[in-house]
Amino acid sequence: MTQTPAPPDSLLTTVPSDTVAVAEHAEFDFNHLLEHLYDSRTLEYPGGHWDIPPFSPVQIAGLTIDFSVTKHVFFLLLAAVLLTLTAVSASKKIRKSVVPTGFANLIEVFVVFIRDEVVLPTMGHAGLRYTPFILTTFLYILIMNLLGLMPFGASATGNISVTAGLALVAFVMIQISAIRAQGFTHYLAHFTGGVAWWLWPIMIPIEVLGIFTKAFALCMRLFANMSGGHIVILALLGFVFLGQSIFFAPVPVLFVVAINLLELLVAFIQAYVFAMLTAVFMGLGIPQEEHGEHGH
Amino acid sequence: MDQAIEVARQAANQWGYLAAGIGAGIVVLGAAFGIGKLASAAMEASGRQPEVAGAVRTSMIIAAALIEGATFFALAICILLALK
């Protein structure tokens with residue numbers, strides 16, 4: 001009878017139970033490999049690990065919320081700190097001279113890229129006020145994705161709660177930018193889609209559903225790309241144990257190196273696509289001066 | 001009796017693995033077909049008009065990411081099937 005380790009409840013579980021079911025006579029612990037994907041309350045660093053002490057649950061409006069720091073929350077905060085340090089140091093350097101040098105030059109490449117290739121073509125000049133938001137989205141997701149590729153790192157974007165939060169922020173910003181640009185009544189009129197009045201009962205639910213599916217797609221795309229990449233890496237690493245010989249080991253390791261390089265590309269592309277799609281959706285709601293409003 | 005229940009449960013789960021496997025195969029089929037068509041159109045356009053190659057490449061990457069997004073929806077469902 002084949003022994004399969006007990007599968008976890010759901011890949012989307014943020015914090016699994018602390019007792020991990022161990023396969024009874026497997027040569028290697030499948031669940032130990034999977035632990036790299038899931039959220040956990042222990043942080044690993046070279047030389048050991050640290051069990052993060054949990055905060056006591058907080059009661060808000062009848063819900064019991066656990067605000068304690070887990071591995072993915074730690075990397076969220078780490079990415080935020082890194083981004084803040086990066087942006088503040090680069091902006092300080094730019095204040096000194098108009099022509100940036102060194103580190104500020106690198107950051108300016110990203111800023112100019114976002115402004116000229118992402119914000120201006122999609123939102124026009126009316127959208128330049130949202131450049132900081134798109135830039136923050138891009139750089140934050142990029143840093144989170146890259147942290148997942150570091151040794152002892154975990155990508156917070158591999159957790160669906162994190163990407164859901166990012167998509168929620170993007171969703172709110174898309175609606176706010178549309179309301180700001182068109183006015184609330186015109187924004188509501190947008191849901192009819194410009195069809196005849198007797199088609200409104202069909203059109204309005206579809207349009208309302210449409211704004212939610214856009215945000216949901218943003219969430220799922222980022223989550224699945226990041227966690228899927230890590231699953232592939234871990235699956236290939238499992239081949240090392242399948243080979244049971246040190247002479248076979250270089251083959252999976254070479255595959256893993258190649259997949260890691262692909263994951264580096266995917267990290268950049270997914271951050272760019274998230275920022276670009278947010279800009280596109282925001283641009284759909286901002287009336288353009290040259291050729292009238294972008295329709296549906 | 002417990003052993004019989006366990007065997008029955010594992011036997012029922014086999015179909016979930018099969019469904020996940022077949023589903024993942026079909027998903028990759030659709031995605032590869034779509035992205036292949038997209039890439040061929042991009043190559044043709046770049047060949048005809050090399051000066052727009054940059055813009056074509058950008059649009060190609062965006063479209064590929066959108067197609068992959070739909071792929072990953074289906075893949076997530078396959079994973080849910082496999083883990084049930």
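Derivation of every value follows stated rules applied to the coordinates shown; laboratory data play no part. Keep in mind it's a predicted model, so treat the numbers as computed, not measured. Cβ atoms come from the backbone with ideal geometry, glycine included; neighbour counts cover every protein chain shown.
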remark   = For peptide A:218-226, the mean count of other chain Cβ atoms within 10 Å per residue Cβ is 4
note = So, with points 7 Å from each Cα along the Cβ direction, the B:Ser40-A:Ile176 label distance in nm works out to 4.6
remark   = By the Cα gyration tensor axes a ≥ b ≥ c (a/c under 1.5 gives rounded; else a/b larger than b/c gives prolate, otherwise oblate), the shape of the range A:72-214 is oblate
note = Across 10 Å bins beginning at 0, the whole-percent shares of Cα-Cα pair distances in chain B come to 17, 30, 21, 15, 10, 5, 2, 0
query = Just how far, in whole angstrom, is the range A:250-264 from the range A:56-114 if you go by their alpha carbon centroids?
reply = 29
key: Fraction of the pair-distance distribution of the protein assembly as shown above 35 Å, Cα-Cα pairs, percent   = 37
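What number of lysine-lysine pairs in the protein assembly as shown show an alpha-carbon separation below 30 angstrom, given a sequence spacing of 8 or more or placement on distinct chains? Before the final figure, lay out the partial values.
On the way: A:Lys71/A:Lys214; A:Lys71/B:Lys84; A:Lys214/B:Lys37; A:Lys214/B:Lys84.
Close lysine pairs found across the protein assembly as shown: 4.
What's the average, rounded to a whole number, of partner chain beta-carbon atoms within 10 Å of each residue's beta-carbon in A:155-167? Can you show the working numbers first?
Details: counts 0, 0, 0, 0, 0, 1, 0, 0, 0, 0, 0, 0, 0.
The shielding value for this peptide is 0.
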